[in-house]
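Read through the structure below, which is laid out as structure tokens, and then see the notes.
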Amino acid sequence: MFFMTLNCMFAAASVVDSSTHVLLGLNGGAGVGVYRDEGLSPLLYRGLEIHPSISVEVRQPLWRYEALVSIDGGAYGFTLSPTGFHAFGGQVSVAFNALQQVYSAGCWRLWAGVGIDDLFDIRCNPQFENASVGASNFARLNVLARAEVQMRGWLAWGQLGFTPVALLYRPGFAYMPNYERNISNFVDCFFDQYHLYCAAATGISSQLGVTRQLANGNEFGLSYRWHHITSRSTPDGVTAPYRFDQSSHALMVHFLFNIQ
Amino acid sequence: MLFATSCEKAFIPDSGSARATDVFDYLWQQIDQRYSMFDVKNVDWQQVYDTLRPQVRNGMKSDSLFALCATMLNTLHDGHVNLYSAWDVSRSDSVYNRFYTDDGMDVDVLVLNYLGGNYHSTGGVAHNALCDGKVIYMRYGSFGSGVNITERHLRHIVATYPDAEGMILDIRGNGGGLTTNIVNLLSIMPSHGQLIYNSQIKAGPDHDDFTPLVPTYAPNNTGDVYNKPVLVLTDRGSFSAASTFAIATFAYDNIRLMGDTTGGGLGLPAEMALPNGWICRFSSTRTLALDGRNYENGVPPDILLKFDRENAFLHHRDNIIDSACSIILSGSLNNSPKQTF
């Protein structure tokens with residue numbers, strides 16, 4: 001579905017007008033993440049994360065579209081332990097955003113838009129015997145706002161995102177897969193204890209960056225990114241899954257190649 | 001935006017502090033909700049809380065809090081329940097004392113006079129032949145991950161002793177390990193896909209909140225079936241996966257349990273952290289035999305025979321192995337009673 005959408009974006013860009021630019025982005029970063037999954041542990045885990053991603057942007061004078069695939073990984077220790085990594089986690093997300101320029105004055109531009117993304121998160125604490133893995137899926141609708149200042153080949157920008165509603169898939173009371181070592185039963189019962197539910201206000205993100213624009217249309221830049229996601233569920237594990245919260249700070253490097 | 005970038009504490013709720021009262025309350029509540037064996041442990045968990053909680057004071061020394069928490073957990077008399085701190089590990093006194101006071105074998109006698117110096121080792125099983133090659137003796141000391149037994153191993157062992165009329169599988173003192181080795185160890189036994197046991201997982205906070213039964217079936221036979229008599233030797237040291245293996249043998253007509261009641265421990269252990277970083281291990285599932293019973297407190301043998309320690313000391317003989325050999329060679333195993341359902 002991701003590549004079908006990319007094809008549509010390329011096709012649309014090629015027939016619209018000559019002011020349409022398509023950029024392929026290779027992005028990477030590292031930073032610090034903090035999370036708690038109350039179904040696994042009451043402790044707050046903090047650790048190092050890496051954030052590689054690939055993106056395709058279609059830019060038109062008044063519209064911009066973006067498809068982004070990210071794979072994040074991290075190693076964490078819990079905050080009461082002085083040393084060592086006790087947990088590992090990762091996220092895979094696929095996002096599609098569309099923004100429209102809503103205001104322009106001089107070198108300032110403001111954009112507003114929406115995005116949808118699916119984020120799969122998995123956490124493992126190998127320190128714990130058996131009950132040590134929790135996976136979650138967030139299918140999110142996001143509201144986006146972006147501000148840009150264009151200054152002679154440089155672009156300073158900031159973007160805010162908010163998730164008003166999301167569809168979540170979270171493990172239930174027992175984190176069941178961890179207990180079942182018979183593979184056929186594992187497959188049969190993997191999702192038995194999972195909850196599918198809607199939640200409001202499950203995430204917020206912010207990003208501040210500066211980009212250098214080259215004469216050939218390529219760009220490179222730096223940005224600081226912070227996001228927070230939460231499952232916002234009541235922590236009894238039965239009527240709703242145990243709560244999951246994760247925040248991530250990252251310093252990102254962006255390389256965008258003008259491919260059209 | 002700068003405000004938003006450093007405010008995860010405003011978004012991630014505080015889960016509680018590491019004060020002694022919070023730690024004790026959290027431990028009691030988590031066990032109350034997640035422990036799977038209240039139905040067979042005959043313990044009033046609320047009364048345990050009411051008795052011990054008044055002794056908890058914020059600011060008390062960590063080792064004092066540890067001792068109180070350990071006292072609380074030890075009321076469960078479960079070998080799968082432990083509390084770990086940076087300097088100590090708690091365990092159930094009754095379970096471990098029972099293992100040492102009711103021990104069912106003498107390892108020196110077993111190694112010197114039964115396995116011998118020329119024993120073989122295959123897939124974690126030490127084996128040799130007894131009674132002029134007519135009885136295979138297999139010593140399986142652990143179901144642990146470093147000694148995965150396979151069907152290929154078992155076929156090799158059987159082929160090594162072509163004149164054997166039966167098999168002794170000695171799992172006395174076997175503290176358990178991987179449940180996958182249970183079906184591995186049964187891989188050459190007669191199978192028609194029969195149920196060998198059911199498992200249930202805690203599905204909610206009430207003591208009787210469990211998932212539907214999750215069945216485990218006998219492994220399919222992929223080659224020759226071993227349908228000769230098999231005596232599985234057990235004692236109070238046969239714990240966890242060894243006890244689960246014992247109930248799995250209920251489904252096989254050619255297998256009997258002999259020796260003493262096992263140590264139990266049929267719940268799969270899981271671990272959790274406490275707000276102060278301690279780790280608690282607890283039984284998170286329950287395993288039900290073919291009769292629907294929970295043998296958490298021990299699996300009784302088909303043939304009850306206590307280990308004669310005096311005989312072992314004086315004559316360097318293991319009365320249980322000797323009796324098992326006699327039963328196999330007499331051909332009377334099929335006439336001996338087996339737990340029926």
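Values for this structure:
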item	result
Shielding of A:36-46 by partner chains, average beta-carbon count, 10 Å	4
Global form of the protein assembly as shown, assessed from the alpha-carbon gyration tensor, a/c cut-off 1.5	prolate
Separation between Cα centres of region B:229-244 and region B:129-156, rounded to whole Å	14
Residue-averaged beta-carbon neighbours from other chains (10 angstrom radius) around B:259-272	3
Highest to lowest packing among B:277-286, B:230-239, B:110-119, scored as the average C-beta count within 10 Å	B:230-239, B:277-286, B:110-119
Rounded accessible area per residue of chain B, 1.4 Å, Å²	42
Inter-probe distance in nm under a simple model that places probes 7 Å from Cα toward Cβ, at B:Asn58 and B:Asp163	7.8
Nitroxide proxy distance, nm - points 7 Å out along Cα→Cβ at A:Leu196 and A:Leu251	4.3
Proximal charge balance of A:Arg140 [Cβ under 11 Å; K/R count +1, D/E count -1]	-2
List A:Tyr169, B:Tyr217, ordered by accessible area with a 1.4 Å probe, largest first	B:Tyr217, A:Tyr169
For region B:198-330: rounded, prolate or oblate by the Cα gyration tensor [a/c cutoff 1.5]	oblate
Partners for B:Lys338 among lysines (Cα-Cα distance below 30 Å; same-chain residues under 8 apart left out)	B:Lys41, B:Lys134, B:Lys228, B:Lys306
Solvent accessible area, Å² - B:Lys228, 1.4 Å probe, full protein context	80
Interface B:A - total buried accessible surface [probe 1.4 Å, Å², rounded to 100]	3400
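The values are calculated or read from the model by the stated rules, or taken from the named source; none is laboratory data. Small disclaimer: the values here were computed from a predicted structure and weren't measured. Neighbour counts run over all protein chains shown; Cβ positions are idealised from the backbone, glycine included. Note: accessible area is taken over every heavy atom of the protein model, side chains too, but ligands, DNA and RNA are not part of it. Shrake-Rupley method; radii C 1.70, N 1.55, O 1.52, S 1.80 Å.
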